[in-house]
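Encoded as structure tokens, the structure appears first; notes follow it.
The values are calculated or read from the model by the stated rules, or taken from the named source; none is laboratory data. Just so it is clear, the structure is predicted and the values come from calculations on it, not from any experiment. In this analysis, Cβ positions are derived from the backbone assuming ideal geometry, glycine residues included, and neighbour counts consider all displayed protein chains. All accessible areas refer to the heavy atoms of the entire protein, side chains included, with ligands and DNA or RNA removed. Shrake-Rupley method; radii C 1.70, N 1.55, O 1.52, S 1.80 Å.
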Amino acid sequence: MYYKLNSIRYRFIQAQLYTILFTSLVMLVVLTLIDVIFNPIWLSQLNIVLLSGAYFFLGSLIAVLIGFRSSGHLKSEIDDLSVMIMQLSRGNYRSRFNYETDGEIARIGTELNDLAKKLDDQVRYLQRLADEKAAFAESAHKMATIEERQRLARDLHDSVSQQLFALTMMSKAVLRTLGKNPEKARVQMVEVAESAMKAQTEMRALLLHLRPIHLSDQSLRDGIANLIAELKTKCAIEFTMKMDDIEHLPKFTEEHLFRIIQEGLSNILRHADATKVKILLLQEAQHIFVHLADNGKGFDWDLAEQKQTSYGLKTMRERSEEIGGQFILRTKQGEGTYIDIRVPCPCQEEIK
């Protein structure tokens, strides 16, 4: 009941009644003054009260009827505005406010229609942007897949394929000399075994690249530990590890660090001829520190930069820079290779 009395229609009628009451009081005062000053015979105090009361009663009836009727159109327009706002709040941006007359309500309706159109255009733009982003992501994934396949095909052709061809030729040579010169055949068989070992090492390094790029919901520490455990079963390298369990590290950074270490281990298997590998993954005050070292044969970095074999090292450097890290490589022929990477750790700032 209180809500109805405070609605727009009843407030409109209430204003009309206040007007009738005010004019009735004015009439009562004016008639009283006329009676006091002029004292006409026909105007008595009873007549003054009756005339004022009759005016108030008839005026109230007329005010209620006219107010109820005239406020109906205003209430209908405001209800339409309310429905329009409710539709916008529910995400129906194609609804429009229809108005027949000019005025404040029409101006509000025009502004709501413009707002709905802008919101609808923004939704369409965001949907189109999301579709374009999905298409771009799919295209980028295809390009990355093609690039990785081309790289593997190139590596297979440059290393394993040539080594298998050499094994084939050396095996045929052994068969030809086996009956004539057994000692020479034995030496050739040793060379065949060494070539087969190199081909096997190359294949293990290439298979290492076929592992999933992501960590499959593992932490960086667990992903590296599983990778090392798998390599221990396939090669005779002695691994030394010290790794902290790093929390709150962005997933993007974790995946890049994992791929950097994966690339480094692949290079060790293929080129270093190492027997010992050391891996450190430490959380410092403001950085994540990664150290990867081997006791292999090392190389001349100035010469390696001019060769295609440095592609893996360049990839590691690019990945480090992409996550804001510093990539430092130290190597010398006969003294192994040492790689240090420091990546800013935003997790410490976020915790504070």
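All of 167, 156 fail the test of being assigned to a helix (DSSP H, G or I) and modelled with pLDDT of 70 or more, apart from 167. So, in the stretch 72-93, how many residues would count as being over 26 Å from residue 13 (Cβ atoms) and loosely packed, with under 11 Cβ neighbours inside 10 Å? The qualifying residues number 3.
Taking the criterion of being exposed (fewer than 13 other Cβ atoms within 10 Å of the Cβ) and aliphatic (A, V, I, L, M), the residues of the stretch 50-71 that qualify are 50, 54, 58, 61, 62, 65.
Of all residues in the stretch 262-289, those that are basic (Lys, Arg) and open to solvent by 60 Å² or more (accessible area, probe 1.4 Å) total 2.
From 198, 242, 184, which residue is in a strand (DSSP E or B) and either modelled with pLDDT under 80 or surrounded by fewer than 14 Cβ atoms within 10 Å (Cβ to Cβ) (or both)? Before the answer, list the steps.
Numbers: 198 fails: in a strand (DSSP E or B); 184 fails: in a strand (DSSP E or B).
Result of the check over 198, 242, 184: 242.
Among the conditions (1) surrounded by 11 or more Cβ atoms within 10 Å (Cβ to Cβ); (2) at positive phi, residue 39 misses just one, which is (1).
Could you please give the count of residues in the stretch 223-247 that are out of contact with any strand residue (DSSP E or B) (no Cβ under 9 Å at 6 or more places or on another chain) and over 19 Å from residue 293 (Cα atoms)? Summing the residues that are out of contact with any strand residue (DSSP E or B) (no Cβ under 9 Å at 6 or more places or on another chain) and over 19 Å from residue 293 (Cα atoms) in the stretch 223-247 gives 2.
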